[in-house]
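Worksheet for the structure shown next.
No lab work stands behind these numbers, since they all come straight from the coordinates. All of these numbers come straight from a predicted model, not from anything done at the bench. We place every Cβ from the backbone using ideal geometry, glycine too, and count neighbours over all the protein chains shown.
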Amino acid sequence: MTEERFEALLQENRLFQPPESFQAQANVQSSEIYDMARADRLGFWAKQSERITWFEPWTQVLDWQPPFAQWFVGGKLNAAYNCLDRHVEGWRRNKAAIIFEGEPGDSRVLTYQDLHREVSQFANVLKSLGVHKGDRVTIYLPMIPEAAIAMLACARIGAPHSVVFGGFSAESLRDRINDAEAKVLITSDGSFRRGSVVQLKANADTALKGANSVEHVVVVKRTGIEVAMTAGRDVWYHEVMQDVSSVCPAEPMDAEDMLYILYTSGTTGKPKGVVHTTGGYMVGVASTHQMIFDIKEEDVYWCTADVGWVTGHSYIVYGPLANGSTVVMYEGSPDYPAKDRFWQVIEKYKVSILYTAPTAIRTFMKWGPKYPQSRDLSSLRLLGTVGEPINPEAWMWYYKYIGAERCPIVDTWWQTETGMIMMTPLPGVTPLKPGSCTVPFPGVEVEILDRAGQPVPKGSGGYLTVSQPWPAMLRTVYRDPDRYANTYFSNWPGIYFTGDGAKWDEEGYFWVLGRVDDVINVSGHRIGTMEVESALVDHPMVAEAACIGKNHEVKGQAVAAFVTLKEGVEVRDDLIDELKAHVAKKIGALARPDDIFFTAELPKTRSGKIMRRLLRDIAEGRALGDTTTLADASVVNSLKERYKEEG
């Protein structure tokens, strides 16, 4: 972090106003909400706390002792109560809470009453296994309703959960179990993935060979494959749920009691357990979900993330269920058994709100519009993106082919650590710019700073920070407050550093440029990878691109690009030169790639994030780092061979 500012190269002038018909019925219809929140930030959040049912009222909105925050001090509540009990007291008891679509085509619908009953029963099961308030429980499950049931059962009895993504290796699972000292592990026999079975129970057994804190393992029968069951330790979910009382009062929790630990993906060495507490988190996710997604009672809402990531915690489970929404859960991949599976799910359940990742959208672009065009997507009324910045051309494709140019897009920026969405349009209010997450959510104070901690002027870029605490913020790193302070608050006192670079334009719109680690330093100019990638994706033949900085003896670093072409495009001899020229024309000669390599696939995690770290290893000829989170490890090996041939 020696240089002060980032180059702001990409210019985007297209502007899309909220459709009048959408604005007329929107939950937020006026920009006055921003002025109100700016005039009295804590008053704004106090008002939002009324969305939540409190067993005992809070006495103070915020106690801020930098870098440690307490929100809604003295308040008592329960997250599961807010997601279930208060809904079953009225007509919502018979409303669909979770609509489950399995990869093989099986489906289930759980009403709020069904979900309340199963959560209460499983909470009693956990109690019978010796789980008390404060004990940690690790959840290692596929995208099935039992994942949400397990999370809510833990919350009901005050046992913090640690959900570990089902794509993680046994070693990664073991590290996370050990750090949390989990008492119980909840897993399944296996999970379905592209027609085959991933053996979760076998992974769990391997992990437990070095994890001595686990006393019991609860196994959900999902696939029916044979698995080893250790007597006295392992129990079947369906067996222990028989004849269990469905009466289990929700444990009153202090607003600052821990709700969950979530380990950040891609960690090396000791896992970093992000701690989220109950009161502020529930206020943050309920208010953002209701306003940003414009939730109505009749909506069918589908967030395509996995519960193993924070998006699944905040915008599949806690936010939507607190708001009494109907949520779709889909188990499998978007291309099984065919490349129209997402669109088939939308057609089948009349999904009205779709929240997915830019990586998925670029993959759909690569496959072409014929797949969504073969299905009826007329039920959609709002689209969203999450996970990383979206390239303007991918935004336009999403807007045109999925939203039929009538659905606003909420491009959201946030992190595991922030717990809730931090920058986003409000769809009935905010004019949209393709590729921009627009402006901070009301009550959130975001600033772009230079190295000295000074705000950069409009039209330039720097380090993305949050200058004031917010309700759903992480409270610490589990059992390591020094790491929390050093990682997030050591650059500028009392200011949270996101680790991202960003710019803001002359109209005050924010553009996230990617991780500071992903910035390329070309001849002293700091260029965000997102801008070069967006310029490449702007070319009509390109579906996806990932750029990294490669050591260069003159320039310090040069841009190397890995490019995936759209289906059916032939690689011509002059295409590399054409793409280099396209980048130079689009954003300037400074960003012109030195090297372009064509690849059928890019290395991605199962959550869809491109692993640029591995691309840097390939470009520099280094031994590959940790590849356990890759969706397909063979992609890296083929890339490595190709790079050797072409490089």
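Prolate is the label for the range 1-132. Its Cα gyration tensor axes, ordered a ≥ b ≥ c, give a/c of at least 1.5 and a/b above b/c.
Rank by packing, highest mean first: peptides 301-309, 86-94, with packing defined as the count of other Cβ atoms within 10 Å averaged across residues. Don't skip to the end; give the middle numbers.
Values: 301-309: 23.9, 86-94: 14.8.
Taking the mean over residues of other Cβ atoms within 10 Å, the ranking is 301-309, 86-94.
Between His238 and Ala338, what length comes free when the chain is fully extended (0.36 nm per residue of separation minus the Cα-Cα distance, one decimal in nm)?
Details: separation 100, 0.36 × 100 = 36.00 nm, distance 3.17 nm.
The span from His238 to Ala338 would gain 32.8 nm if fully extended.
Calculate how many DSSP beta bridges within the chain are antiparallel, expressed in % of all such bridges and rounded to the nearest 5. Antiparallel bridges make up about 60 percent of those DSSP assigns within the chain. Shape class of the range 82-235 from the alpha-carbon gyration tensor: oblate, with a/c at 1.5 or above and b/c at least as large as a/b. The packing ranking of peptides 219-232, 392-405, 527-540, highest mean first, is 527-540, 392-405, 219-232, where packing means the average number of other beta carbon atoms within 10 angstrom of each residue.
What is the range 424-511 by shape, rounded, prolate or oblate, if you read a ≥ b ≥ c off the alpha carbon gyration tensor as root eigenvalues and call it rounded for a/c under 1.5, prolate for a/b larger than b/c, and oblate otherwise? Oblate, because a/c is 1.5 or more while a/b does not exceed b/c.
Packing here is the average count of other Cβ atoms within 10 Å per residue, and on that basis the peptides 366-372, 291-297, highest first, run 291-297, 366-372. Qualifying trypsin sites (Lys or Arg not before Pro) in the range 431-502, where qualification requires a DSSP coil assignment and no more than 15 other C-beta atoms within 10 Å, comprise Arg451, Lys458, Arg479.
Summing Cβ point charges (Lys, Arg +1; Asp, Glu -1) relative to the Cα centre of the chain gives a dipole of roughly 480 debye. In this structure the amide hydrogen of Ala97, modeled in the peptide plane, comes within under 5 Å of the amide hydrogens of Leu110, Thr111, Tyr112, none closer than 5 places in sequence on its chain. Counting each DSSP H run of 4 or more residues in the chain as -39500 (n - 2.57), what helix-only mean residue ellipticity at 222 nm follows after dividing by all residues, to the nearest 500 deg cm²/dmol? Value at 222 nm, helices only, nearest 500: -7500 deg cm²/dmol.
The range 408-516: which GluC sites (Glu not before Pro) are DSSP loop and have at most 14 other beta-carbon atoms within 10 angstrom?
Values: sites: Glu417, Glu445, Glu447, Glu506, Glu507; in loops: Glu417, Glu445, Glu506, Glu507.
In loop regions of the range 408-516 (DSSP not H, G, I, E or B), the sparsely surrounded GluC sites (Glu not before Pro) are Glu506, Glu507.
Would you kindly state how much longer the chain becomes between Val554 and Arg93 on full extension, computed as 0.36 nm times their sequence separation minus their alpha carbon distance, in nm to one decimal?
Numbers: separation 461, 0.36 × 461 = 165.96 nm, distance 6.71 nm.
Fully extending the segment from Val554 to Arg93 adds 159.2 nm.
By the beta-carbon count within 10 Å of each Cβ, the least crowded to most crowded order of Cys248, Cys83, fewest first, is Cys248, Cys83. Dividing the convex hull volume of the alpha-carbon atoms in the chain by its residue count gives 145 Å³ per residue.
Dipole of the chain computed with +1 at Lys/Arg Cβ and -1 at Asp/Glu Cβ about the Cα centre; of Pro249, Asn551, Pro320, farthest Cα towards the positive end is Pro249.
Of the chymotrypsin sites (Phe, Trp or Tyr not before Pro) found in the range 177-285, none is in coil by DSSP with at most 11 other Cβ atoms within 10 Å of its Cβ. Taking amide H positions as placed in the peptide plane 1.01 Å from N, state which residues far from Glu445 in sequence (5 or more) or on other chains have amide H under 5 Å from it. HN-HN under 5 Å from Glu445: Ser467, Gln468. Measuring between their Cα centroids, the range 82-135 and the range 331-377 lie 27 Å from each other. Considering only C-alpha atoms, what is the centroid distance from the range 44-69 to the range 396-459, in Å? The distance from the Cα centre of the range 44-69 to that of the range 396-459 comes to 25 Å.
Short version: ³J(HN,Hα) in whole Hz for each residue of the range 129-143, in order, from phi by Karplus 6.51 cos²θ - 1.76 cosθ + 1.60 (θ = phi - 60°), x for Gly and Pro, what are they? Result, ordered by residue: 8, x, 7, 10, 3, x, 6, 8, 10, 9, 10, 10, 9, x, 7 Hz.
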